[in-house]
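Read through the structure below, which is laid out as C-alpha cells, and then see the notes.
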Amino acid sequence: MLHTARRMLTAPALAVVIGAGLLVAPQAANAASVAATVDVVGTLRIRTAPSLAAPIVGAVHDEQRVAVECATRGTEVRGSQRTTDVWDRLGTDRYISHAYVRPLGTIASCAAIRAQAQPVKVHPAPVQAAAAGAAKATAVKYTVGRIRSSDGRVNVRAGVSLTSPVRGTLANGARVNLVCGVVGARVKGTVRTTTQWNRLSNGLYVSHAYVVTPTLHLCPGAPRPVQSTPALTPEQFIARSVSGAQRGWRDYGVPPSVTIAQAILESGWGRSDLSVADRNFFGIKCFNGNHGPLASGCHTYQTQECTKAGKCFVTTASFRTYASQANSYRDHGYFLRVNSRYKPAFKYTRSANKFIWTVWKAGYATDPNYYTKITGIMSRWGLYRYDTWK
C-alpha cells in the first residue's frame, strides 16, 4: 500500500533540478520521503524498474497523494507535467514516471542516498548531452560498433523507448561509438530481438537490435534486466486472441478473423510498446480524455502519423489502456460499431474480406497495402476458421 502521509524533511534539502539534468541530494542521514500528487488521465502504472518495459505491479489514480523516496533516471516519458527521463521511487521495486507528478518538496537522488554522499551530479539528460558538443564526447571511452539494417535507416533516440523523440538516423554500415548498454523497449531488428539499447558517446540511444558490437557493460546506475515472460510464438498469440475476438463478434459483429489479423499487424504479434505497456493491440486513441466503456484509462505518447500521400510527421497522441487483452479486442469491435464512417462494413459481418475492405476504404488506415496485408495474414495463418458463423 502506498504511504500517503506527508513527512517533512528534518534539514534543508537541495532541489532535484529536473530541467538541468542534475540530481542533487540532501545529506543522506536526513533524507526523507516527499509528498507528491499524481496528475494523469485515468491511472498511472507503477513498475518494478524505471522503464516502460518493466513489469506493472500496480497503479495510482489522478490526484492521488503519494510518498516519493527518491528520484532516478530511466525511460524518457512525455506526461501531463513535463517530458523527462526522471522516475520517482515509491518503495522497493516500485517506480512511477516523474512526468505525471507534482512534488510538494524537493526530491533526493537515489544514487546519492545509496552512496551516502554529498551532492553529486549524474549523467545529463540525453538531449543536453547531445548539445554539449563533440569536444565532450571525445573524452568518453567507447566501443566501436556497426549498424546492420535491412529495414532502412535506424532511428537514434533521446531515450530507450520507441516513443522517445528521434534525434537522427543511421544508415546501414554506419560506424557508431558505444559507451554502455541499458534496458528499454523490446525491438525486433535485423541482428536480433532484444530489450537492450546502446548509449552513444553523444548521450543518445540506438537499439541493440540493429548493432553489431563486442560485449558492452551495463550503464552505471541503469536497472538490471528484468526477468519477463518470453515472447509468444505466433500460434500462442493466436490462441490467446480467439476468445476476445469471438466475443467481439458476438457483441458487435466484427468477424473474428479480421480482429485477430489486425491485432497481429498493428501490435507486431503483441510486442509493440502499446500492447506490452497498456494492452492496447489496435492503437485506439482517447478523444478529449474519453476512453469509452471498455478501456481503463489513457496514456499520452509522442508518435508519428502519416498521410495517404506518405508524408510523416511527429505529434502527440493519447492512447487507451486496458485491464486485459480481451477488453482491447472487445473495444476494437465497439469502436468500429459506434463510428458512423464504418457503418457500411456491417453489411458484411459474415464476409471477412468484404468487411475489412470496407473498413479500410472508410479511412481506418492510411497504408495503401493495408487490405492486402490483413487478408494475407488471415490466409497464411488460417484465421477464417475462427469465424464462428461457419
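The values are calculated or read from the model by the stated rules, or taken from the named source; none is laboratory data. Values in this document were obtained by computation on a predicted structure and should not be read as measured data. Cβ placement follows ideal geometry from the backbone for every residue including glycine, while neighbour counts extend to all protein chains displayed. Each accessible area value is taken on the protein alone, full model and side chains, heavy atoms only, with ligands, DNA and RNA left out. Shrake-Rupley method; radii C 1.70, N 1.55, O 1.52, S 1.80 Å.
The residues of segment 360-390 that are assigned to a loop (DSSP other than H, G, I, E, B) and among the β-branched types (Val, Ile, Thr), listed by number, are 366, 388.
When the test is whether a residue is modelled with pLDDT under 85 and in a loop (DSSP other than H, G, I, E, B), residue 49 does not pass it. Of the residues making up segment 329-359, those that are part of a helix (DSSP H, G or I) and open to solvent by 70 Å² or more (accessible area, probe 1.4 Å) number 9. Pick from 171, 117: which is at pLDDT 85 or above, over 22 Å from residue 76 (Cα atoms) and of a type in the set (A, V, I, L, M, F, W, C)? Exactly one of 171, 117 is at pLDDT 85 or above, over 22 Å from residue 76 (Cα atoms) and of a type in the set (A, V, I, L, M, F, W, C), namely 171.
The condition of being open to solvent by 20 Å² or more (accessible area, probe 1.4 Å), out of contact with any helix residue (DSSP H, G or I) (no Cβ under 9 Å at 6 or more places or on another chain) and modelled with pLDDT under 80 holds for only one of 14, 9, that being 14. Residues that are in contact with a Cys (Cβ under 9 Å, 6 or more places away or on another chain) and open to solvent by less than 20 Å² (accessible area, probe 1.4 Å) within segment 62-86 comprise 70, 71, listed in sequence order.
Matching residues to (1) at pLDDT below 95; (2) more than 14 Å from residue 264 (Cα to Cα):
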position: 353; (1), (2): no, yes
position: 356; (1), (2): no, yes
position: 363; (1), (2): yes, yes
position: 366; (1), (2): yes, yes
position: 369; (1), (2): yes, yes
position: 383; (1), (2): no, no
position: 389; (1), (2): yes, yes
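The set of residues in segment 52-61 being in a strand (DSSP E or B) and either out of contact with any Leu (no Cβ under 9 Å at 6 or more places or on another chain) or open to solvent by 20 Å² or more (accessible area, probe 1.4 Å) (or both) consists of 56, 57, 58, 59, 61.
If you go through segment 264-300 and keep only what is closer than 17 Å to residue 326 by Cβ and of a type in the set (Val, Ile, Thr), you end up with 264, 276, 284.
For (1) surrounded by fewer than 22 Cβ atoms within 10 Å (Cβ to Cβ); (2) assigned to a helix (DSSP H, G or I); (3) modelled with pLDDT of 95 or more; (4) more than 15 Å from the chain's Cα centre (by Cα), each residue gets a yes or a no:
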{"residue": "227", "(1), (2), (3), (4)": "yes, no, no, yes"}
{"residue": "231", "(1), (2), (3), (4)": "yes, no, no, yes"}
{"residue": "247", "(1), (2), (3), (4)": "yes, yes, no, yes"}
{"residue": "254", "(1), (2), (3), (4)": "no, no, yes, yes"}
{"residue": "257", "(1), (2), (3), (4)": "no, yes, yes, yes"}
{"residue": "270", "(1), (2), (3), (4)": "yes, no, no, no"}
{"residue": "274", "(1), (2), (3), (4)": "no, yes, no, no"}
{"residue": "283", "(1), (2), (3), (4)": "yes, no, no, no"}
{"residue": "292", "(1), (2), (3), (4)": "yes, no, no, yes"}
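Of all residues in segment 193-206, those being in contact with a Phe, Trp or Tyr (Cβ under 9 Å, 6 or more places away or on another chain) and either over 21 Å from residue 278 (Cβ atoms) or surrounded by fewer than 20 Cβ atoms within 10 Å (Cβ to Cβ) (or both) number 6.
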